[in-house]
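A short write-up of the structure that comes next.
The values are calculated or read from the model by the stated rules, or taken from the named source; none is laboratory data. This structure is a prediction, so every number in the text was calculated from the model and none was measured. Virtual Cβ from ideal backbone geometry, glycine too; neighbours counted across all protein chains shown. Areas reflect the complete protein model, heavy atoms only, side chains present, ligands, DNA and RNA absent. Shrake-Rupley method; radii C 1.70, N 1.55, O 1.52, S 1.80 Å.
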Amino acid sequence: MKKILITGATRGIGWMLAQKAAAAGLEVILQGRNPYVLREKKLILSKKTNKVMTSCFDIRNRTAAKRELARIVDIDYIVNNAGMIADNWWEKMCIEDWDDVLATNLTGAFNVTKALTPKLNPNGQIIFMTSQAGLLGNPGQANYSAAKAALIGLTYTLAAELQRCSIRVNAVSPGAVTEMTAPVIAKLKAKYGELPVEWQLGSTEAVAEFILAEVLPTTRTGTIFAVNGNRNGYWSKPQYVPLR
């Protein structure tokens with residue numbers, strides 16, 4: 001039985017992926033920082049499978065992450081899903097919002113992945129959740145865009161480094177309405193009347209199903225997958241263009 005650890009697994013894409021993974025017969029490890037919510041989610045999944053574990057810690061806390069993840073003997077899939085936003089225009093962005101977003105989206109992913117990489121089974125896979133904001137930039141999201149762009153660079157680098165260990169490293173850029181994106185969508189609707197094309201998002205269920213069907217079994221490594229409703233694909237790497 002394959003084992004999958006999902007960070008930020010108690011809501012949004014993470015929770016939907018956990019439910020789909022359990023239904024597909026995977027052993028699921030739910031990570032979150034609220035012990036009461038984790039216990040509740042475990043009870044729900046336990047009605048469908050007895051292969052559910054929880055790991056309670058704040059991914060920003062490297063010591064806690066290392067301590068809790070030491071209990072895991074082996075793993076097949078690491079899904080770095082946990083994330084946060086704290087949007088503001090550059091001139092108004094405070095230091096705390098910059099630090100919090102980078103600590104959660106980037107350093108948190110590092111803390112979990114660094115601790116678990118030695119425990120990955122052959123043909124295992126590391127998955128980072130990135131964003132179109134990291135690929136193309138997005139006004140008002142300098143901190144979030146920087147963190148998600150860094151994960152793309154990390155994906156390319158680890159894919160090259162870990163290929164010799166038979167470990168795949170990929171990223172997913174999802175478009176879905178979640179608790180995190182809903183407030184942003186509401187602001188955009190209030191401002192524009194209708195959503196810009198890039199914010200016409202799919203569902204968490206579509207993202208979870210895409211990850212299970214396309215990303216987990218892929219032989220690709222170093223790929224940035226994209227899913228938004230029924231629009232599925234991947235992003236090509238940047239190309240050098242001479243000035244003259």
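Of everything in the stretch 184-236, what is among the aromatic types (Phe, Trp, Tyr), open to solvent by less than 60 Å² (accessible area, probe 1.4 Å) and either at pLDDT 70 or above or assigned to a loop (DSSP other than H, G, I, E, B) (or both)? Give them in sequence order. Break it down into steps so the answer makes sense when it comes.
If we filter the stretch 184-236 for residues that are among the aromatic types (Phe, Trp, Tyr), which is where we start, we get 192, 199, 210, 225, 234-235.
Of the ones still in play, those that are also open to solvent by less than 60 Å² (accessible area, probe 1.4 Å) are 199, 210, 225.
Correct list: 210, 225.
Report, ordered by the first and then the second residue, all pairs with beta carbons closer than 8 Å, sequence separation of six or more or different chains, a first member in the stretch 228-241 that is among the charged types (D, E, K, R), and a second member that is modelled with pLDDT of 95 or more.
237/156
Taking the criterion of being in contact (Cβ under 8 Å) with a residue 24 or more places away in the chain, closer than 17 Å to residue 223 by Cβ, in contact with a Phe, Trp or Tyr (Cβ under 6 Å, 6 or more places away or on another chain) and not hydrophobic (A, V, I, L, M, F, W, C), would at least one residue in the stretch 125-134 satisfy it?
Kept after step one, since they are in contact (Cβ under 8 Å) with a residue 24 or more places away in the chain, are these residues of the stretch 125-134: 125-132, 134.
Now narrow it down to the ones that are closer than 17 Å to residue 223 by Cβ: 125-132, 134.
Next, only the ones that are in contact with a Phe, Trp or Tyr (Cβ under 6 Å, 6 or more places away or on another chain) stay: 125.
When the remaining residues are screened for being not hydrophobic (A, V, I, L, M, F, W, C), the result is 125.
Yes, because at least one residue in the stretch 125-134 is in contact (Cβ under 8 Å) with a residue 24 or more places away in the chain, closer than 17 Å to residue 223 by Cβ, in contact with a Phe, Trp or Tyr (Cβ under 6 Å, 6 or more places away or on another chain) and not hydrophobic (A, V, I, L, M, F, W, C).
From the list 126, 95, exactly one residue is open to solvent by less than 30 Å² (accessible area, probe 1.4 Å) and among the β-branched types (Val, Ile, Thr). Which is it?
Sole residue among the options that is open to solvent by less than 30 Å² (accessible area, probe 1.4 Å) and among the β-branched types (Val, Ile, Thr): 126.
Determine whether the stretch 42-54 contains at least one residue that is over 27 Å from residue 166 (Cβ atoms), within 15 Å of the chain's Cα centre (by Cα) and either open to solvent by 30 Å² or more (accessible area, probe 1.4 Å) or aromatic (Phe, Trp, Tyr) (or both).
no
If I ask for residues that are free of Cβ contacts under 8 Å to residues at least 40 places away in the same chain and surrounded by fewer than 15 Cβ atoms within 10 Å (Cβ to Cβ), which ones from the stretch 58-90 would you list?
Across the stretch 58-90, the qualifying residues are 63, 67, 71.
If I ask for residues that are in a loop (DSSP other than H, G, I, E, B), farther than 20 Å from residue 205 by Cα and touching a strand residue (DSSP E or B) at 6+ places or on another chain (Cβ under 7 Å), which ones from the stretch 2-57 would you list? Steps first, please.
Of the stretch 2-57, the ones in a loop (DSSP other than H, G, I, E, B) are 2, 7-11, 24-26, 33-34, 47-51, 57.
Pick out the ones that are also farther than 20 Å from residue 205 by Cα and you get 2, 33-34, 50-51, 57.
Those that are in a loop (DSSP other than H, G, I, E, B), farther than 20 Å from residue 205 by Cα and touching a strand residue (DSSP E or B) at 6+ places or on another chain (Cβ under 7 Å): 2, 33, 51.
Scan 43, 30 and give me the residue that is within 29 Å of residue 123 (Cβ to Cβ) and of a type in the set (A, V, I, L, M, F, W, C).
On the way: 43 fails: within 29 Å of residue 123 (Cβ to Cβ).
The unique qualifying residue is 30.
Give me the pairs: first residue in the stretch 40-54 and within 17 Å of residue 2 (Cα to Cα), second residue surrounded by fewer than 16 Cβ atoms within 10 Å (Cβ to Cβ), beta-carbon distance under 7 Å, and six or more apart or on different chains, which are they?
48/23; 51/1; 52/46
Output the residue which, of all residues in the stretch 129-156 that are out of contact with any helix residue (DSSP H, G or I) (no Cβ under 8 Å at 6 or more places or on another chain) and closer than 16 Å to residue 238 by Cα, is surrounded by the fewest Cβ atoms within 10 Å (Cβ to Cβ).
153
In the stretch 157-183, which residue that is part of a helix (DSSP H, G or I) and surrounded by fewer than 17 Cβ atoms within 10 Å (Cβ to Cβ) is modelled with the lowest pLDDT? I'd like the intermediate steps shown before the answer.
As a first pass, look at the stretch 157-183 and keep what is part of a helix (DSSP H, G or I): 157-165, 182-183.
Those still in the list that are surrounded by fewer than 17 Cβ atoms within 10 Å (Cβ to Cβ) too: 157, 160-161, 163-165, 182-183.
Working: 157: 98, 160: 98, 161: 98, 163: 97, 164: 96, 165: 95, 182: 54, 183: 60.
Filtering the stretch 157-183 for residues that are part of a helix (DSSP H, G or I) and surrounded by fewer than 17 Cβ atoms within 10 Å (Cβ to Cβ), the one modelled with the lowest pLDDT comes out as 182.
If only one of 114, 119 is basic (Lys, Arg), open to solvent by 30 Å² or more (accessible area, probe 1.4 Å) and either touching a strand residue (DSSP E or B) at 6+ places or on another chain (Cβ under 8 Å) or closer than 17 Å to residue 235 by Cα (or both), which one is it? Give the derivation first.
Numbers: 114 fails: either touching a strand residue (DSSP E or B) at 6+ places or on another chain (Cβ under 8 Å) or closer than 17 Å to residue 235 by Cα (or both).
The conditions single out 119.
Given (1) within 23 Å of residue 62 (Cβ to Cβ); (2) open to solvent by 10 Å² or more (accessible area, probe 1.4 Å); (3) not in a helix (DSSP H, G or I), where does residue 102 come up short, assuming only one miss?
(3)
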